[in-house]
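First the structure, in the form of structure tokens, and then the observations on it.
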Amino acid sequence: MNARVTRAMILAAGKGERMRPLTDACPKPLLRVKGKALIEHTLAKIKQAGIRDCVINVSYLGRMIEDYLGDGSRYDLNIQYSREDQPLETGGGIARAISLLCANDENPFVLVNSDVWCDFDLSSLTAILKQNHLAHLVLVKNPAHNPKGDFALHGNTVKQMVEGEQSFTYSGIAVIHPQLFKRYQPDKEKFPLRDLLLQAMLQHEVSGEIYPGDWVDVGTPERLQELG
């Protein structure tokens, strides 16, 4: 499980309901931030990390994303698309794309939500996954819109929250090993990634770190406007 990361996946299939009316005719990944589509900032970070192969899952207005980004050559990337007739949530979307992401079962990949804005250096993740770990999560301090947080961190091990202990929010950035989906394969096509992570946490198979820098979940028009 110590293979170096050479691929990335961007989750971009959601409908962006909280972004309406901005997303009525434009998929959220193509909304503009500082003169570029939001997803273009993520692609730049993937390239800076030395990763060239990227898979993007698409569903709602997905053809617009494909037409805009193309095959990735103008970003010096190789982009493939995993198409979903209906959004399969985070876990289902990754499961659908596994064959594109992993030539074999020994290659972990970087995972990034398309609506994350931050200055985190993805290159720090390209060799982060330790032996016997199935995932590594980048966590942040709880923002105002998620005050209860998502997970707890004990040393460098991520665990399910317990009432009263300090918690953190999942940033939408991670390294995932494909074995996560084989070891804890769900019995349904549509499911959140969290379901598999919680099972892996019970076996101490999820590591994590806290990122103290700038980070925004661009989930509402107000947060988008604040970025300028």
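Some points to look at:
- Contour excess over end-to-end distance, with Cα ends at Q199 and H154 and 0.36 nm allotted per residue: 14.5 nm
- Value of Rg to Rh for the range 92-217 (Rh from inverse mean 1/r over Cα pairs, i.e. Kirkwood): 0.94
- Residues of the range 13-28 with amide N under 19 Å of the 7 Å Cα→Cβ point at E222: 16-23
- Using a Förster distance of 22 Å, the FRET efficiency for A44-E106 (Cβ separation, nearest 0.05): 0.20
- FRET efficiency for R20 and I210, using Cβ-Cβ distance with R0 set to 35 Å, rounded to 0.05: 0.60
- Inter-label distance for K188 and V33, nm, one decimal - labels placed 7 Å from Cα along Cα-to-Cβ: 3.0 nm
- Portion, in percent, of the accessible area of the range 95-203 that falls on carbon or sulfur, probe 1.4 Å: 47 percent
- Inter-part distance where the range 139-209 and the range 40-92 are each reduced to a Cα centre, Å: 24 Å
- Computed over the chain: relative contact order in percent, which uses C-alpha pairs under 8 Å that are six or more apart: 26 percent
- Helix-only [θ]222 nm of the chain, DSSP H runs n ≥ 4, -39500 (n - 2.57) each, per residue, nearest 500: -6500 deg cm²/dmol
- For the listed peptides 214-220, 199-205, a ranking on the average number of other beta carbons within 10 Å per residue, highest first, reads 214-220, 199-205.
- Percent of beta bridges antiparallel (DSSP, the chain, rounded to nearest 5): 50 percent
- Solvent-accessible area per residue for the chain (1.4 angstrom probe, square angstrom): 47 Å²
- For the chain, diffusion coefficient by Stokes-Einstein and Kirkwood Rh (Cα), 20 °C, 1.002 mPa s, µm²/s: 121 µm²/s
The values are calculated or read from the model by the stated rules, or taken from the named source; none is laboratory data. If you're wondering where the values come from, they're calculated on a predicted model, not measured in any experiment. For neighbour counting, all protein chains shown are included, and Cβ atoms are generated from backbone atoms with ideal geometry for every residue, glycine included. Remember, those area values only see protein heavy atoms, side chains included, never the ligands or the DNA or RNA. Shrake-Rupley method; radii C 1.70, N 1.55, O 1.52, S 1.80 Å.
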